[in-house]
Amino acid sequence: MDKPLRSVGIIIILILAVSGTGYFAVKKIAQNPCNLPKTWSIGTIDRRFTISKDMVQAYAAQAAKTWNDAYAPNPLLSYLAQGGDISINFVYDERQRTTIQNEKLKRSIEEDKDQLDDLKQTLDSLKSEYTTLGQTIDARTKAYTEHLATHNSEAGYWNTQGGAPNAEYQRLQREAAALETERAAINRDIARYNTLGLAIQNYGKSHNQVVSTINQKIETLNETALREFEEGTYDPSTNTITIYEYSDDTSLKRVLTHELGHAIGLQHVDDKQAIMYAVNEGTNLTLTEADKKELLRICRERTPEAMLEKLKATRDGIFHHAESSLLGTAVPAQ
């Protein structure tokens, strides 16, 4: 009896020791962004970004508020003038230079598109006039040919008769003059028609050249578009957020929100419109359901309650094993 009882005592002490270790483990794990806010500060900003520290602070505060508002129990991020847990820095390199060049390309493309619209409107107008005039020439030429045939037939008849009476002669002369006037008018229309054809060809070439230019510029843009969030990075080993590039205020706010999300432990999500999507191709500044789900996943995994549940399960497993062992080694009373 003594030996099994001593074994029980040892096992109970072991369980208590595990439970005690679990308490301190939970207490330690509880010190995470979901339970204790991380502080952030503004570090160095390369002056070539032409953005003030106050503006960066304001945008970073908006980004932090986005995550704080999404997690009601307590704030996740708070500002500290100096020495925050997270340092936000701006480093100027070829990425920002490329971004600036791309912004110039985008503006140039928009200007080209305006020119293209003007060319298209002119082309549409010329083509419409060209088509209408062609139809008019066909109709007038057909009528002219029929009138001319009738006139020549009548003139031929009177010639076989040795001449036309004065009244008929005067009528035929007037018809001949009218036919000549109509012929001249048709020739002017034909000249205009040919001029329109040349103009359409020239405008068409200009239109195609602008289209080619736009496509080349778009191809250049696409070489650097839809990259992962290289605009900014978060280094967990130093708790440093580094911003390398941004194209406009919205882009900067999204990058800051994205990297602060990494700083509190979030990973990338699949929703293309989400802040935590790997590629910065959205424009919204609000969290999507995918963002919120990722945030709640992280916070639920790290809550003391969740960890206690895991430790309780572990403890129950140890107790069950110990109880089985005792039953297996028990000796009958003498």
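The values are calculated or read from the model by the stated rules, or taken from the named source; none is laboratory data. Fair warning: this is a prediction, and the values are worked out from it, not measured in the lab. Glycine also receives a Cβ, built like all others from the backbone with ideal geometry; neighbour counts cover every protein chain displayed.
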Exercise for review: Could you tell me whether any residue of region 143-165 is within 27 Å of I200 (Cβ to Cβ), out of contact with any strand residue (DSSP E or B) (no Cβ under 8 Å at 6 or more places or on another chain) and acidic (D, E)?
Suggested key: no
Check your understanding: Is it true that some residue in region 54-62 is buried (at least 18 other Cβ atoms within 10 Å of the Cβ), in contact with a strand residue (DSSP E or B) (Cβ under 9 Å, 6 or more places away or on another chain) and not in a helix (DSSP H, G or I)?
Key -> no
Exercise for review: Pick out the one residue from A139, A149 that is over 30 Å from the mean Cα position of the chain (by Cα), over 14 Å from I186 (Cα atoms) and assigned to a helix (DSSP H, G or I).
Suggested key: A149
Practice item. Would you point out the residue of region 270-288, among those that are of a type in the set (A, V, I, L, M, F, W, C) and in contact with a Leu (Cβ under 7 Å, 6 or more places away or on another chain), that is surrounded by the fewest Cβ atoms within 10 Å (Cβ to Cβ)? Key: V279
Exercise for review: Examine region 82-102 for a residue that is surrounded by fewer than 14 Cβ atoms within 10 Å (Cβ to Cβ), of a type outside the set (K, R) and farther than 30 Å from T213 by Cβ, and state whether such a residue exists.
Suggested key: yes
Review point. Just checking, how many residues over region 140-158 are of a type in the set (S, T, Y) and surrounded by fewer than 14 Cβ atoms within 10 Å (Cβ to Cβ)?
Key: 4
Check your understanding: What single numbered condition from (1) out of contact with any helix residue (DSSP H, G or I) (no Cβ under 8 Å at 6 or more places or on another chain); (2) at pLDDT 75 or above fails to hold for L16?
Key -> (2)
**Study point:** Candidates Y92, Y59, Y144, Y79, filtered to the one that is among the aromatic types (F, W, Y) and out of contact with any Lys or Arg (no Cβ under 8 Å at 6 or more places or on another chain)
**Key:** Y79
Check your understanding: Before we move on, is D117 part of a helix (DSSP H, G or I), charged (D, E, K, R) and surrounded by fewer than 14 Cβ atoms within 10 Å (Cβ to Cβ)?
Key -> yes
Study note, to complete from the structure: Going through region 162-194 in order, the residues found to be outside any helix (DSSP H, G or I) and surrounded by 10 or more Cβ atoms within 10 Å (Cβ to Cβ) are G163, A164, P165
